[in-house]
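Some notes on the structure that comes next.
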Amino acid sequence: PFSLNVSLDSSAMLYTRHLDELDSEAGASDPDFTQLRALLMHASVHIPEVTYANMIQGEAERALITRRCGDPPGVIRWEQRASGVFYEKFTLRNFPYDLQRLTVAVRMNSKYDDKRGRYAVHRVPPRVVREIQLAEWKLYEAEGEVTADEKGKPMYKVHMLLWRRHEYFTVSVMGLMGLLSTAAIGAYSVERELLAERSSIVLTLLLTVIAFKFVIGDSLPKVPYMTTLDIYNYACFVFLIAIFAGHCVVTEVPEGMRDSLDLIMYVVAIASWAFFNVYQAVVVYTYLREIQLTLEEGHLSEVKPPPVRQSNGVEGTESSVCHVPISLSALTSRAVARRRKRAANETESYL
């Protein structure tokens, strides 16, 4: 589930047969806003019943009925803001290099709207407030889609892409696990006859890696399949156990073969561990490059905070830190005021 503030701005066209109910002084060419608003609240004009298909819980503010200066005659706007928790299924096999898509599905779920043949129209693309900044994610511009549900009811979907900032997991988790596992190769510097000393080095590193795995366990996703990070962590476990088993095998072969076998295992350990790390780095780089190309082809840019003027006259960057991994509701009161002011001249989506 993810938290989100949604602003739904719709335009309701009042046709001539509805405008006939206005006073003759107003005229259909330039109707008065007060009379239009009263007409819209009248039972003869049915406002589309809009619901959020994937909302788990939330609440909507009282609808605002407004008319803007640039609107043509006969058009009045109905705007409603909602804040809630929405449902989205995440695929975390590529964690921590995953790309997720958040969806807000707006649906007209009334039989009256269905009989009237009302449908959703995508005129102006949706927009994400620039003041929103996420500590763990890169947020990209939203896209709109006109579709229908399984019952054929009109639906408008807003898709937002989130790309995880993987630097922490790459450096602080995978990097540290890799260094601890690489240190086990240093056990070969001890004389092969000293099995206890070699084993103590490897087993100490193995226990350290296991303890570190439990420490970071709360920050990892609890999923029933292996992620990219899990594969690398378990590869470190297997590598340490293999080195420990190799030390034990050397002591069980005939004396004349121990030196050569110990050297072979030393070379194989270095070569196999280096090959695995290089292969892992190439796979991750290729995957990240494909995501970057996909975003560029879709002309999707990252949502960045607007520059603000600091007290010393130097332009800085305004940001709001959100402690919840996926929460788009971290708006300051000043940001909300600016957002409502801009709503007088801009449209986010139409139904």
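Read the figures in this text as sums done on the coordinates, not as results from a lab. All of these numbers come straight from a predicted model, not from anything done at the bench. FYI the Cβ positions are ideal-geometry reconstructions off the backbone, even for glycines, and counts take in every protein chain you see.
Quick check: residue separation of residue 241 and residue 275 times 0.36 nm, minus the Cα distance between them. What number comes out in nm?
Between residue 241 and residue 275, full extension yields 10.5 nm more.
Give, in nm to one decimal, the length gained when the segment between residue 216 and residue 189 is fully stretched (0.36 nm per residue of separation minus the Cα-Cα distance). Could you put the intermediate results ahead of the total?
Values: separation 27, 0.36 × 27 = 9.72 nm, distance 3.12 nm.
That pair, residue 216 and residue 189, stretches by 6.6 nm at full extension.
Filter the chymotrypsin sites (Phe, Trp or Tyr not before Pro) in segment 124-227 to those in DSSP coil with at most 16 other Cβ atoms within 10 Å of their Cβ, and list the result. Let's see the in-between values first.
Working: sites: 137, 140, 156, 163, 168, 169, 188, 212, 214, 225; in loops: 225.
Listed in order of number, the matching sites are 225.
How far apart, in nanometres, would the label points at residue 145 and residue 112 be if each is projected 7 angstrom from Cα along the Cα-to-Cβ direction?
Output for this residue pair reads 3.0 nm.
Stretched out fully, how many nm does the piece from residue 66 to residue 49 gain, at 0.36 nm a residue minus the Cα gap? Provide the component values of the computation, followed by the final result.
Working: separation 17, 0.36 × 17 = 6.12 nm, distance 1.80 nm.
Full extension from residue 66 to residue 49 adds 4.3 nm.
Ranking request for peptides 101-108, 269-276, 50-57: highest mean number of other beta-carbon atoms within 10 Å first, then the rest in descending order.
Details: 101-108: 20.0, 269-276: 14.0, 50-57: 16.1.
So the order, starting with the most tightly packed, is 101-108, 50-57, 269-276.
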